[in-house]
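Visitor: Can you keep this structure in mind? I'll have questions shortly.
The values are calculated or read from the model by the stated rules, or taken from the named source; none is laboratory data. The model shown is predicted, which means the values in this text are computed figures rather than measured ones. Every residue, glycine among them, receives a Cβ derived from its backbone with ideal geometry; neighbour counts consider all protein chains shown. Only protein heavy atoms, including side chains, enter the accessible area calculation; ligands, DNA and RNA are left aside. Shrake-Rupley method; radii C 1.70, N 1.55, O 1.52, S 1.80 Å.
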Amino acid sequence: MQSFDYQKVFSLKDALDAASASKGTSVFMAGGTDLLVQIKEGKVRPRCVIDVKGIQEIDGLVVSKDEFSIGALTSIRTLERSPLASERVPLLAQAAAKLGSVQVRQRATIGGNLCNASPSAETAPALLALDAQATIHGKSGTRVIDLGEFFLGPGSTVLGDGEMLTGLKIPLNRSRQGCVYYKLSTRKAMDLALVGVAILLELNEDDRIRKARVALGAVAPTPIRVPSAEKLLECRAFSLEAARESAELAAQSCRPISDHRASAGYRREMVRELCQRGLLAAYGQAKGLTEDRNG
Ligand SMILES: Cc1cc2nc3c(=O)[nH]c(=O)nc-3n(C[C@H](O)[C@H](O)[C@H](O)COP(=O)(O)OP(=O)(O)OC[C@H]3O[C@@H](n4cnc5c(N)ncnc54)[C@H](O)[C@@H]3O)c2cc1C
C-alpha cells in the first residue's frame with residue numbers, strides 16, 4: 001500500500017479547511033470500506049487521507065413531522081437496525097440490510113455509499129424512490145440538490161474539489177404506501193447487486209395510485225429512476241396489466257452491461273421480472289393485504 005499522510009478531524013469546518021489546504025491532493029475517508037480497497041489496489045493515490053468518521057454533527061437520524069434527515073456519516077447498520085428508519089423509511093432500511101455483511105455495514109456509511117458512486121450502490125435506488133435530496137457543504141457555501149442530479153457516471157458525482165456530502169433529506173408522507181427493494185446477486189451475502197430494484201406506490205383514498213416510483217441499480221452507468229414506468233401507473237387504478245406494462249418500460253429504459261457476472265440480456269429480463277413482482281408486492285402492502293417487506 002502506498003504511503004499517505006493521515007489527518008483525523010472532528011468538525012465539519014476542520015474537514016473543509018483540511019481539504020481546502022491540501023488543494024485537491026486529499027480524499028475524505030468515512031468508513032473506508034471502499035476507499036482503503038481502492039488505495040491498496042492503486043486506483044486512488046491520495047497524498048493525504050482526511051478521516052471524517054468522528055464528526056458527530058453529521059452522524060445520525062433526525063425526524064420531524066414531514067422530513068426524515070440522515071447525516072452522511074450514519075452507518076448502514078444504524079439504518080438497518082433503527083426502529084425509526086424501519087417505521088418511517090422502510091424501503092431504505094430494507095436496502096441497508098442487503099449491503100455486504102454485518103461487519104461491513106457497521107463501518108460503512110450512507111454518504112460513502114453514495115459518494116463512491118458505484119452503479120450498484122445499494123442505498124441509491126431506495127433513496128431515489130424516496131425523492132431524497134442531498135446536502136453538500138464546501139468552503140464556498142452549501143447547496144441542496146435532488147439525489148437524481150448527484151451521480152454523473154461510474155465513480156463520478158457532482159461533488160467539486162473539497163466538497164462534502166453532509167446529509168440527506170427525505171420528505172415524509174402519511175398516506176397509504178407500499179414499498180419493496182429487491183437485490184439480485186449471485187450469492188446471498190457479500191456480493192454486489194446484479195440488479196437492484198426499488199418500488200414505491202402511494203394510494204389515494206379511492207385506491208388510485210397517487211405516486212409511483214421505480215428506481216434501478218446496477219443496470220445503467222448510474223442508479224436511475226424510470227419516469228415513463230412511473231407515469232404509466234399514476235392517476236389510475238392498479239391492474240396486473242398496468243404493472244406488466246410498467247415493468248416492460250423499465251426493462252426497455254435501462255442500459256445494462258455484460259460482464260463476467262451476468263449478461264446484459266439477463267439483467268434486462270430480471271429488471272422486468274423484479275419490477276413486476278415489486279409492483280404487486282408494493283400494491284398489496286399499500287392496500288393492507290400483505291406485509292412482504294423482505295425482498
Ligand atoms: C466486503 C465488502 C462488501 C461490500 N458489499 C457491498 C454491497 O453489497 N453493496 C454496496 O452498495 N456496497 C458494498 N460494498 C462497498 C462499501 O461497503 C459501501 O459502498 C459503503 O457504503 C461505503 O461507505 P464508506 O463509509 O466505507 O465509504 P469510504 O470508503 O470511506 O468512502 C468511499 C468514497 O466516498 C468518499 N466519501 C465518503 N464519504 C464522503 C462524504 N461524506 N463526502 C464526500 N465524499 C465522501 C471517499 O472519499 C471515497 O471516495 C462492500 C464493500 C466491501 C469491502
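Visitor: Mind listing whichever residues of the stretch 62-105 are within 11 Å of the ligand (Cβ to nearest atom), touching a Ser or Thr at 6+ places or on another chain (Cβ under 6 Å) and not small (Gly, Ala, Ser)?
Guide: Within the stretch 62-105, 73, 104 qualify.
Visitor: Regarding the stretch 106-119, can at least one residue be identified that is more than 14 Å from the ligand (Cβ to nearest atom) and without any contact (Cβ under 8 Å) to a residue 40 or more places away in the chain?
Guide: no
Visitor: Can you find a residue in the stretch 197-219 that is closer than 30 Å to residue 102 by Cβ and assigned to a loop (DSSP other than H, G, I, E, B)?
Guide: Within the stretch 197-219, one or more residues are closer than 30 Å to residue 102 by Cβ and assigned to a loop (DSSP other than H, G, I, E, B).
Visitor: Can you report the number of residues in the stretch 6-54 which are over 19 Å from residue 161 (Cβ atoms) and hydrophobic (A, V, I, L, M, F, W, C)?
Guide: Residues meeting the conditions: 3.
Visitor: Go through the stretch 220-233 and give me each residue that's open to solvent by less than 30 Å² (accessible area, probe 1.4 Å), more than 17 Å from residue 127 (Cβ to Cβ) and part of a helix (DSSP H, G or I).
Guide: Within the stretch 220-233, 229 is the sole residue that qualifies.
Visitor: Out of all the residues in the stretch 183-214, which are among the small types (Gly, Ala, Ser) and in contact with a strand residue (DSSP E or B) (Cβ under 7 Å, 6 or more places away or on another chain)?
Guide: Residues satisfying the conditions are 193, 196, 198, 212.
Visitor: Do the conditions hold for residue 188, that is, is it open to solvent by 40 Å² or more (accessible area, probe 1.4 Å), over 17 Å from residue 222 (Cα atoms), more than 8 Å from the ligand (Cβ to nearest atom) and touching a residue at least 24 places away in the same chain (Cβ under 8 Å)?
Guide: no
Visitor: Ok, one more. Condition test on residue 159, is it over 23 Å from residue 48 (Cα atoms) and within 14 Å of the ligand (Cβ to nearest atom)?
Guide: Spelling it out, it is not the case that residue 159 is over 23 Å from residue 48 (Cα atoms) and within 14 Å of the ligand (Cβ to nearest atom).
Visitor: Need pairs with beta-carbon distance below 7 Å; first residue among the charged types (D, E, K, R) and within the stretch 260-288, second in a loop (DSSP other than H, G, I, E, B); sequence gap 6+ or separate chains.
Guide: Partner pairs satisfying both residue conditions: 261/186; 261/194; 267/194; 267/219; 267/256; 268/254; 268/256.
Visitor: Let me ask you something else. Take the residues in the stretch 40-58 that are open to solvent by less than 30 Å² (accessible area, probe 1.4 Å) and under 14 Å from residue 109 (Cα atoms); name whichever of them is farthest from the ligand (Cβ to nearest atom).
Guide: Filtering the stretch 40-58 for residues that are open to solvent by less than 30 Å² (accessible area, probe 1.4 Å) and under 14 Å from residue 109 (Cα atoms), the one farthest from the ligand (Cβ to nearest atom) comes out as 54.
Visitor: Tell me which residues, restricted to the stretch 17-34, are in a strand (DSSP E or B), open to solvent by less than 40 Å² (accessible area, probe 1.4 Å) and of a type outside the set (Ser, Thr, Tyr).
Guide: 27, 29
Visitor: Among 37, 9, which is surrounded by fewer than 17 Cβ atoms within 10 Å (Cβ to Cβ) and among the β-branched types (Val, Ile, Thr)?
Guide: One residue alone meets the criteria, 37.
Visitor: Answer yes or no as to whether residue 1 is near the ligand (Cβ under 9 Å from one of its atoms) and among the hydrophobic types (A, V, I, L, M, F, W, C).
Guide: no
Visitor: Ok, one more. Against the condition surrounded by 15 or more Cβ atoms within 10 Å (Cβ to Cβ), of a type in the set (Gly, Ala, Ser), in contact (Cβ under 8 Å) with a residue 24 or more places away in the chain and more than 18 Å from residue 120 (Cα to Cα), how does residue 237 come out, does it pass?
Guide: The answer is no for residue 237.
Visitor: Has the stretch 59-73 got at least one residue that is surrounded by 20 or more Cβ atoms within 10 Å (Cβ to Cβ), among the hydroxyl-bearing types (Ser, Thr, Tyr) and closer than 23 Å to residue 121 by Cα?
Guide: Checked the stretch 59-73: no residue is surrounded by 20 or more Cβ atoms within 10 Å (Cβ to Cβ), among the hydroxyl-bearing types (Ser, Thr, Tyr) and closer than 23 Å to residue 121 by Cα.
Visitor: Do we have residue 186 as in a loop (DSSP other than H, G, I, E, B) and either among the aromatic types (Phe, Trp, Tyr) or touching a Leu at 6+ places or on another chain (Cβ under 8 Å) (or both) here?
Guide: For residue 186, the condition - in a loop (DSSP other than H, G, I, E, B) and either among the aromatic types (Phe, Trp, Tyr) or touching a Leu at 6+ places or on another chain (Cβ under 8 Å) (or both) - is met.
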